[in-house]
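**Q** Okay, here's the structure, questions in a sec.
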Amino acid sequence: MSETHKAILEKANAAITQGDHEGFLAFCTDDTKWTFVGDRTLDGKQAVREWMATAYREPPRFEVHRLIADGDFLAALGEITLKDETGKATRHAYCDVWRFRDGRLAELQAFVVEARPQAQD
């Protein structure tokens, strides 16, 4: 299943980077639950749809560094660049832990941290 789950997430992420929110949501269960650790929880596709409308005003850019699969779980580690309310691009490091059910994205635990420029020695 791990290769199947990786392929599903890659297709879903491709939809997001093209601004296709509904294309992404097609990969989710109707009762999908997203927890942004330390921030908020979204219950169901409609809540995710509403969040995407504001958080992804412009399509984000992803750099997935690693996908790690274990049974029904898939962790994606990487960086995402989003535009904030003022239009400024902001880079974040993230680890998304997805749980799959029946080949769909059923649950997300997202650990997201704004990436700060590293100091030069």
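The values are calculated or read from the model by the stated rules, or taken from the named source; none is laboratory data. Quantities reported herein were computed from a predicted structural model and do not represent experimental measurements. Neighbour counts are summed over all protein chains in view; Cβ atoms, including those assigned to glycine, are modelled from backbone coordinates with ideal geometry.
**Q** Among strands (runs of 3 or more DSSP E) lying entirely in segment 43-121, which contain 3 or more residues that are surrounded by 11 or more Cβ atoms within 10 Å (Cβ to Cβ) and of a type in the set (S, T, N, Q)? I'd like the intermediate steps shown before the answer.
**A** On the way: elements: 61-70, 73-83, 89-101, 104-114.
In segment 43-121, no matching strands (runs of 3 or more DSSP E) lie anywhere.
**Q** T81 - would you say it is hydroxyl-bearing (S, T, Y) and either out of contact with any strand residue (DSSP E or B) (no Cβ under 7 Å at 6 or more places or on another chain) or modelled with pLDDT of 95 or more (or both)?
**A** Numbers: hydroxyl-bearing (S, T, Y): yes; either out of contact with any strand residue (DSSP E or B) (no Cβ under 7 Å at 6 or more places or on another chain) or modelled with pLDDT of 95 or more (or both): no.
No.
**Q** Is it the case that A69 is within 14 Å of W98 (Cα to Cα), of a type in the set (A, V, I, L, M) and touching a residue at least 24 places away in the same chain (Cβ under 8 Å)? Even if it seems obvious, please write down each step before you answer.
**A** On the way: within 14 Å of W98 (Cα to Cα): yes; of a type in the set (A, V, I, L, M): yes; touching a residue at least 24 places away in the same chain (Cβ under 8 Å): yes.
So A69 fits the description; yes.
**Q** A further question follows. Please go through segment 1-42 and give me each residue that is surrounded by 16 or more Cβ atoms within 10 Å (Cβ to Cβ) and touching a Ser or Thr at 6+ places or on another chain (Cβ under 9 Å), ordered by number.
**A** Within segment 1-42, L25, K33, W34, T35, L42 meet the criteria.
**Q** Does segment 13-36 include one or more residues that are of a type in the set (D, E) and either under 18 Å from A115 (Cα atoms) or at pLDDT below 95 (or both)? Quick ask: steps written out before the conclusion?
**A** Taking segment 13-36 as the starting set, the residues that turn out to be of a type in the set (D, E) are 20, 22, 30-31.
Next cut, either under 18 Å from A115 (Cα atoms) or at pLDDT below 95 (or both) only: none.
No - not one qualifying residue is present in segment 13-36.
**Q** Right, another one. Please go through segment 21-60 and give me each residue that is of a type in the set (D, E, K, R), under 23 Å from A89 (Cβ atoms) and in contact with a Lys or Arg (Cβ under 9 Å, 6 or more places away or on another chain), ordered by number.
**A** R57, E58
**Q** Looking at D121, D96, D43, can you tell me which residue is over 13 Å from the mean Cα position of the chain (by Cα) and at pLDDT 90 or above? Spell out the reasoning first.
**A** Details: D121 fails: at pLDDT 90 or above; D96 fails: over 13 Å from the mean Cα position of the chain (by Cα).
Just one listed residue meets the conditions, D43.
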